[in-house]
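Note sheet for the following structure.
The values are calculated or read from the model by the stated rules, or taken from the named source; none is laboratory data. All of these numbers come straight from a predicted model, not from anything done at the bench. With ideal geometry, Cβ positions are generated from the backbone for all residues, glycine too; neighbour counts draw on all protein chains shown. Heads up: the accessible areas ignore ligands, DNA and RNA and are worked out on the full protein's heavy atoms, side chains in. Shrake-Rupley method; radii C 1.70, N 1.55, O 1.52, S 1.80 Å.
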Amino acid sequence: MVSISPEAPQSLNAAAPAPLRLLLDGIDRLGRLDGWIGGGCLLMLTLLMLCEVATRFLSNFLPFFPPTISIAWEYSSYLMAACFTFGAAMTLRVGGHIRVVLLLKNVPAPFRRALEVLAATGGFLFMAFLSSSMAKFAFGAFIRGQVSTSSDTPLWFPQAVVAFGMLLLTLQFLARAIQAALGLPLEDHRMKATPVE
């Protein structure tokens, strides 16, 4: 069993100039929110799948029960996409993404920081492009009034949710680039889940 502390820990960005510290702390708060939203989406996905299984089971014995929840698979895909995108920013902040560190471990510290700045800037640029593309995609679905074929759900809504999750990851990459450039801690291990005793 794990517990994640909801209160904001003391800032690791204290050595940054005041305006940047406010920006970095704000992005950290959004990263925590990102993780909580991702966890909520995962919980809703689990409950939806459990209800689908229970409905299918009960329909074998009770004829008035429908054999399936008609929106279960569609909404589970929306929730899965939201889980992936909403968990990404907090995962980056705690250092949970898979990284190949062979080069980083074998270069002197100044070069290591430069490589971190370069990698974070590259991640920021890529995610900025991806976020803006997803936002345009969602806006296009909104303008055209696109709906899903099975439930008539407006497609712009789940697409906008995914775009927002991508935007939060984009901001976290920006914060990482700034932190690397200023020599601040890149990862906040206090945000990781800790065992409950």
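Relative contact order of the chain, taken over Cα pairs closer than 8 Å and 6 or more residues apart, is 33 percent.
What percentage of all Cα-Cα pairs in region 63-127 are separated by more than 17 Å?
62 percent
Amide hydrogen proximity for S148: with H placed 1.01 Å from N in the peptide plane, the residues at 5 or more positions away or on another chain lying under 5 Å are T153, L155.
The angle between the Cα long axis of helix 72-93 and the main principal axis of the chain comes to about 10°, on a 0 to 90 degree scale.
Ligands, DNA and RNA left out, the 1.4 Å accessible surface of the chain is 74% carbon and sulfur atoms. Calculate how steeply helix 156-182 sits against the longest principal axis of the alpha-carbon atoms of the chain, using the helix alpha-carbon long axis, and give the answer as 0 to 90 degrees to the nearest 10. Result, in degrees: 10.
The loop-placed trypsin sites (Lys or Arg not before Pro) in region 76-126, going by DSSP, that have at most 10 neighbouring Cβ atoms within 10 Å of their Cβ come out as R99. Rounded to two decimals, the Cα radius of gyration of region 49-197 over 2.2 N^0.38 Å is 1.44. Taking Cα atoms, how many degrees apart are the long axis of helix 109-144 and the longest axis of the chain, rounded to 10 and kept between 0 and 90? The helix 109-144 is inclined about 30 degrees to the chain. Taking θ as phi - 60° and the Karplus parameters 6.51, -1.76 and 1.60, the scalar couplings of region 53-65 work out to 5, 5, 4, 5, 5, 5, 5, 6, 10, 10, x, 7, 7 Hz in sequence order, x denoting glycine and proline.
The distance linking region 78-93 with region 14-37 is 17 Å (Cα centroid to Cα centroid, whole angstrom). Residues in the chain average 60 Å² of solvent-accessible surface per residue, probe 1.4 Å, ligands and nucleic acids excluded.
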